[in-house]
Amino acid sequence: MNLQEKFMELCLHYTKDRDLVQAMWLEIEKKYSGKGRHYHNLFHLESMFLELKM
């Protein structure tokens, strides 16, 4: 399961509004994929999630 799928799964515990959750993911993806994001990017978020999962 990739980061987006996990995000969607977790958010849907709190709301059934899939459009809202998708919009939130797109905002995160946009902000964390910017050219100035050399370390705190989507890869970093995924790595942090994997650490928490253990």
- Query: Largest first, what is the accessible-area ranking of Leu10, Leu42 with a 1.4 Å probe?
  - Reply: Leu10, Leu42
- R0 = 22 Å: FRET efficiency of Met24 with Leu50, Cβ-based, nearest 0.05? 0.60
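Dividing the convex hull volume of the Cα atoms of the chain by its residue count, what figure in Å³ per residue is obtained?
Spread over its residues, the Cα hull of the chain gives 74 Å³ apiece.
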- Message: Just want the answer: with Cβ charges of +1 for Lys and Arg and -1 for Asp and Glu, which residue in Tyr14, Leu45, Tyr32 is farthest toward the dipole's positive end in the chain?
- Response: Tyr32
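Which longest run of the chain has no exposed loop site in it, a site being chymotrypsin sites (Phe, Trp or Tyr not before Pro) in a DSSP loop with at most 10 other beta carbons within 10 Å, and the site itself not part of the run? Please report the intermediate quantities before stating the final value.
Numbers: sites that count: Tyr14, Tyr39.
Formally, the longest exposed-site-free interval is 15-38.
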- Note on the structure: When every protein chain stays in place and a 1.4 Å probe is rolled, Glu27, Glu9 sorted by accessible area with the largest first are Glu27, Glu9
- Query: So, counting K/R as plus one and D/E as minus one, what does the shell of residues with Cβ under 13 Å around Glu9 add up to?
  - Reply: +3
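The values are calculated or read from the model by the stated rules, or taken from the named source; none is laboratory data. These numbers were taken from a predicted model, which means no experiment stands behind them. Using ideal geometry, Cβ is built from the backbone for each residue, glycine included, and neighbour counts are taken over all protein chains shown. Keep in mind that these areas ignore ligands, DNA and RNA; they rest on the heavy atoms of the full protein, side chains included. Shrake-Rupley method; radii C 1.70, N 1.55, O 1.52, S 1.80 Å.
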